[in-house]
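One structure is given below, encoded as structure tokens.
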Amino acid sequence: MKAISADRKRTALSKRVEKIVRSTPVYDIHTHLYEPAFRELLFWGIDDLLVYHYLVAEAYRYLDLPHEKFWKLSKAERADLIWDALFIQHSPISEACRGVLTTLNLLGLDVKRRELASLRRWFASQKLDHHVTRCLDLAGVEKVCMTNSPFDDQERAVWERGFPRDERFVAGLRIDPLLLEWTAAARRLTEWGYPVGLGLSTPVIAAVRRFLADWTARIQPRYLMVSLSPEFSYPDNNVCAELIDQAVLPHCREYGLPFALMLGVKRAVNPRLRLAGDGVGRSDLSALANLCAANSENKFVVTVLSRENQHELCVLARKFRNLHVFGCWWFMNVPHVVEEMTRMRLELVGLSLTAQHSDARVLDQLIYKWEHFRDVLSRVLVDKYAELAETGWEPATAEVERDVRDLLGGAFLRFCSSR
């Protein structure tokens, strides 16, 4: 009888947690999406899903085609090759392939027929504004943080023209070229009316600060952000570290903005694959520890790409209250690893983190990325609450709702607003 009672309690707990996880809206704190006003920069539809760089890299495990010929093909022709290689010639069991099928299924499309032409016809009949709303609703996402770079000529022109903002989309000011390609960035800044030389003199730093202030005023970002290689070190006697010290961190303090760091990407491991050719390396997180320790008035929002760095990141989060851990990024975003990382983070850090971000580059990806993650989060939380119940501590529904809100963006918003 005791076993039956325990089973019933577990079943009831599972249903309650799953319902709450499914119904809680997400604040997606990092994507590569754009709001509808950007039009051609907002990728969506079946061809964009298929030519996504995750699938390009996977397809090239099978494709016997010179890379230069592949990139000369039209988007539709590249999508045809990937569809045939990954969905027709082989079962689409990878996470990237399954994600496409999950998305199509939840949009109400028939994938059993394996007809790419009919899928294309359906997407061609959709109106973008309506489709944006539908994808956000299916994903249960209320806010999306974009990745916005003033150094992208096409994007910058849209911001400079001005447009009515969509309140569902929040800006993130990306400054990779400023920190990592200073020679070229200095030339662009001078062209835009921020005269700088290559040296980091006081007037140059003032011009960089003015540039950051102007773009902060223009796009109202939630944070500043940069992706850094495993070799990033701090402090260091180089332009990147000095700009962070003298311009970026003072700017973040002045405007109350976190500095988001995405650590561990190795660019162009195979340049023939273009964006799909980036790799991963283990970062020296002593740089992050030094940043947090030396800049206690700054807030750092951090995710790391290497699996080997995850435990150390959690330990650092226990030591520095100005460090907020978020998401499973890129190569980490596969269910097996996401579940392992989510369990470890909850066990080490508790609920003061953001469990996931979508990193979506194609609008429709929001659907599968959050569908799959909610399954993982439900499993993990059911186990954790069941363990609490064994001690006599049975969480009330309101407490579960609070916890899930925190993990899906609430803890991030509180971190951003804290002093």
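Computed from the coordinates by the stated procedures, all read-outs in this text should not be read as laboratory data. Treat the numbers as computed from the prediction; the structure is a model and nothing was measured. Positions of Cβ are generated from backbone atoms using ideal geometry, with glycine treated the same way; all protein chains shown enter the neighbour counts.
Of all residues in segment 164-207, those being among the β-branched types (Val, Ile, Thr), out of contact with any strand residue (DSSP E or B) (no Cβ under 6 Å at 6 or more places or on another chain) and touching a residue at least 40 places away in the same chain (Cβ under 8 Å) number 1.
Within segment 52-74, take every residue that is without any contact (Cβ under 8 Å) to a residue 60 or more places away in the chain and buried (at least 22 other Cβ atoms within 10 Å of the Cβ) and give me the one that is farthest from residue 260 (Cα to Cα). For segment 52-74, the residue satisfying everything is 59. Scanning segment 15-30 for residues that are buried (at least 24 other Cβ atoms within 10 Å of the Cβ) and not hydrophobic (A, V, I, L, M, F, W, C) returns 28, 30.
Annotation: of all residues in segment 353-375 being surrounded by fewer than 24 Cβ atoms within 10 Å (Cβ to Cβ) and acidic (Asp, Glu), the one that is nearest to residue 50 (Cα to Cα) is 359. The single condition among (1) more than 24 Å from residue 278 (Cβ to Cβ); (2) surrounded by 13 or more Cβ atoms within 10 Å (Cβ to Cβ); (3) of a type in the set (Ser, Thr, Tyr) that residue 125 does not meet is (2). Cβ separations smaller than 6 Å between residues 6+ apart or across chains give no pair from segment 131-155 residues that are over 18 Å from residue 359 (Cβ atoms) to residues that are assigned to a helix (DSSP H, G or I) and of a type in the set (Asp, Glu). Considering the conditions (1) touching a residue at least 40 places away in the same chain (Cβ under 8 Å); (2) more than 22 Å from residue 135 (Cα to Cα); (3) not charged (D, E, K, R), residue 41 is excluded by exactly one of them, (2). Checking the structure you have, find out if any residue of segment 169-186 is surrounded by fewer than 21 Cβ atoms within 10 Å (Cβ to Cβ) and among the basic types (Lys, Arg). Checking segment 169-186: not a single residue is surrounded by fewer than 21 Cβ atoms within 10 Å (Cβ to Cβ) and among the basic types (Lys, Arg).
So the check is Cβ under 6 Å with 6+ separation or different chains; which pairs have a first residue in segment 392-410 that's in contact (Cβ under 8 Å) with a residue 40 or more places away in the chain and a second one that's in a loop (DSSP other than H, G, I, E, B)? Matching pairs, first to second residue: 403/351; 404/24; 405/24; 406/351; 407/355; 408/24.
So that you can scan it fast, the table gives a plain yes or no per residue for (1) buried (at least 20 other Cβ atoms within 10 Å of the Cβ); (2) at positive phi; (3) in contact with a Leu (Cβ under 9 Å, 6 or more places away or on another chain); (4) of a type in the set (Val, Ile, Thr):
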residue: 269; (1), (2), (3), (4): no, no, no, yes
residue: 296; (1), (2), (3), (4): no, no, no, no
residue: 334; (1), (2), (3), (4): no, no, no, yes
residue: 342; (1), (2), (3), (4): yes, no, yes, yes
residue: 351; (1), (2), (3), (4): no, no, yes, no
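Restricting attention to segment 145-159, does a residue exist that is among the aliphatic types (A, V, I, L, M) and within 22 Å of residue 52 (Cα to Cα)? Scanning segment 145-159, I find at least one residue that is among the aliphatic types (A, V, I, L, M) and within 22 Å of residue 52 (Cα to Cα), so the answer is yes.
The set of residues in segment 311-332 being of a type in the set (Phe, Trp, Tyr) and either under 20 Å from the mean Cα position of the chain (by Cα) or on the phi > 0 side of the Ramachandran plot (or both) consists of 326, 329, 330, 331.
Residue check: residue 416 meets all listed conditions (1) assigned to a loop (DSSP other than H, G, I, E, B); (2) hydrophobic (A, V, I, L, M, F, W, C); (3) surrounded by fewer than 18 Cβ atoms within 10 Å (Cβ to Cβ) but one, namely (1). Quick one: would you say residue 253 is farther than 20 Å from residue 200 by Cβ, part of a helix (DSSP H, G or I) and either among the aromatic types (Phe, Trp, Tyr) or touching a residue at least 40 places away in the same chain (Cβ under 8 Å) (or both)? The answer is no for residue 253.
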